[in-house]
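> One structure, as structure tokens, below. Some questions next.
The values are calculated or read from the model by the stated rules, or taken from the named source; none is laboratory data. Small disclaimer: the values here were computed from a predicted structure and weren't measured. As a convention, Cβ positions derive from the backbone with ideal geometry for all residues, glycine included, and neighbour counts pool all protein chains shown.
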Amino acid sequence: MILIKKMENYFFVTTGVLFAILILDFTGCSKPIKRSDKKTIIIKAPEASSYFGVYEKIINNFPDKTIKIKFQRMENDKWRQKLLLEIAGGSIIDIFRMAPAFVNEFATRGQLLPLNSCFEKKQLANYYHFLINAFSMNDTIYGLPENLAIQAMFYNKDLFDKAGVSYPDEFWTWEDLVNAAQKMTIKDSNGIVSQYGLLVVDIWYDMIRYYGGHIFNDAKTRCIINNPTNREAIKFLYDLFYIYKITPSGYEREQTGMGYSEAFEMNKVAIFPAWSHLVINFKKNQRLNWGLSYIPRVKGRKRLVMCASQGWAISKNTKYPKESIKILSYLASETANKQLVKLGDSIPHLKNSDLNHFLNTPNEEINIYNKILMDSLQNTEMRELELYKTQIPYAELKEICNNEFIKCLRANEQNVERTLINIEEKVNRRLNDE
């Protein structure tokens, strides 16, 4: 009885304490429990530290503060393979940087969220068609672009003036370029080149498309790279290195220890077809008196200019698709793109972009160059697009092609026809395996 009585007393005391706690809690007198209603979105991007800060700034300015964003850096080395493994392994990733070259591979593995129904048609129509096409597979959109770079022809005004050569204009053909570059290629009595008229880097795909050639049939089921048009295009490119000798081969360039654009920046090259984002580098170089013009056209054909882009995609496994779509829309918006334009990494990437900040800068010469870049969009396509749209992963396909072109264009160990035959045979064998 005594034991029962003690238990009854314990019960009433305990109940009373709990009741008091509940009263305090509901009346707001207890210490409030901190809760976070924010949903955390994980974004990953493979970037160098200097560039990573730009994205951090863009993301920090995301207007909806009810959504928490965690921005994580991925190492540049083999980021594609690492990302595939992380997603397949169930890692929490909502949004990640996506290059058009890898859309097919990620989409085929079922790792991307389809976006067609996530955005209004009017919003999607504001992107240039070649950008949307690059981020799509079988008419399904899997990513949106953040930036846009386009090819241009840079030239050294001092070297042109010294040689008495007129500056390039919109009417230049590749034959005009060769004639000018020959006059500005300087060799000593031993044949050692001290100044090249031209520098071209890895443009075999570009040259094929300039000539109107194709790598695959329309269905992308057969490689047809060994055809008369492509042989003519690659033979012209080969001649730039080994017949006209106006541009250093890849091997010769490596021997100098110079990087992608260093020879041009050091006044060792007169003409340099390259990407628009290099404008920011050249503007900072006080020793370089440079100009910018249109990419030359192949005689008898319309000018074609290659463009490139990076963008963002959403993991199909995201737990927060609504919030991720909202962030993706912001990352691919004009507001975010303006930051990249200011940095020099992009030209405006929307059809109805406000071009005032791009075409009306305090520097009138830069305004002229920027207008050339925007005009070039009238005849552009995504670089290496045909390599993106096959059953073979882009990285594997590019390796097959590059290994053969190295033998031909870099080392001069293999003729043009044998190079194209080898590529066609290897790629078609690989397609037959699919």
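> Quick one: in the stretch 71-88, which of the residues that are closer than 26 Å to residue 57 by Cβ and not in a helix (DSSP H, G or I) is nearest to the chain's Cα centre (by Cα)?
76
> Let me ask you something else. Scan the helices (runs of 4 or more DSSP H) fully inside the stretch 368-434 and keep the ones with 2 or more residues being in contact (Cβ under 8 Å) with a residue 24 or more places away in the chain and more than 28 Å from residue 347 (Cβ to Cβ).
394-405, 416-433
> So how many residues does the stretch 229-267 have that are on the phi > 0 side of the Ramachandran plot and of a type outside the set (S, T, N, Q)?
Residues meeting the conditions: 2.
> Still on this structure, I have one more. Would you check which residues across the stretch 223-247 are touching a Leu at 6+ places or on another chain (Cβ under 7 Å) and not hydrophobic (A, V, I, L, M, F, W, C) and list them?
Once the filter is applied, which keeps residues that are touching a Leu at 6+ places or on another chain (Cβ under 7 Å) and not hydrophobic (A, V, I, L, M, F, W, C), the stretch 223-247 yields 226, 230, 231, 238, 247.
> So, one more: Name the residue that is modelled with the lowest pLDDT, counting only residues in the stretch 89-136 that are outside any helix (DSSP H, G or I) and acidic (Asp, Glu).
Ranking the candidates gives 120 first.
> Please work out if residue 356 is surrounded by fewer than 21 Cβ atoms within 10 Å (Cβ to Cβ) and in contact (Cβ under 8 Å) with a residue 24 or more places away in the chain.
no
> Identify the residue in the stretch 404-433 that is among the charged types (D, E, K, R) and under 28 Å from the mean Cα position of the chain (by Cα) and, among all such residues, is nearest to residue 224 (Cα to Cα).
Here the answer is 424.
> Can you tell me which residue in the stretch 116-134 is surrounded by the fewest Cβ atoms within 10 Å (Cβ to Cβ), limited to those that are among the hydrophobic types (A, V, I, L, M, F, W, C) and more than 21 Å from residue 374 (Cα to Cα)?
So, considering only residues that are among the hydrophobic types (A, V, I, L, M, F, W, C) and more than 21 Å from residue 374 (Cα to Cα), the one surrounded by the fewest Cβ atoms within 10 Å (Cβ to Cβ) is 119.
> Of the conditions (1) more than 16 Å from residue 320 (Cβ to Cβ); (2) of a type in the set (Val, Ile, Thr); (3) at pLDDT 90 or above; (4) loosely packed, with under 10 Cβ neighbours inside 10 Å, residue 66 fails just one. Which one is it?
So the condition that residue 66 fails would be (1).
> Considering the stretch 215-247 alone, what residues qualify as being more than 25 Å from residue 179 (Cα to Cα) and either in contact (Cβ under 8 Å) with a residue 12 or more places away in the chain or not assigned by TED's automatic domain parsing to the domain that holds residue 192 (or both)?
Across the stretch 215-247, the qualifying residues are 215, 216, 220, 221, 222, 223, 224, 225, 226, 227.
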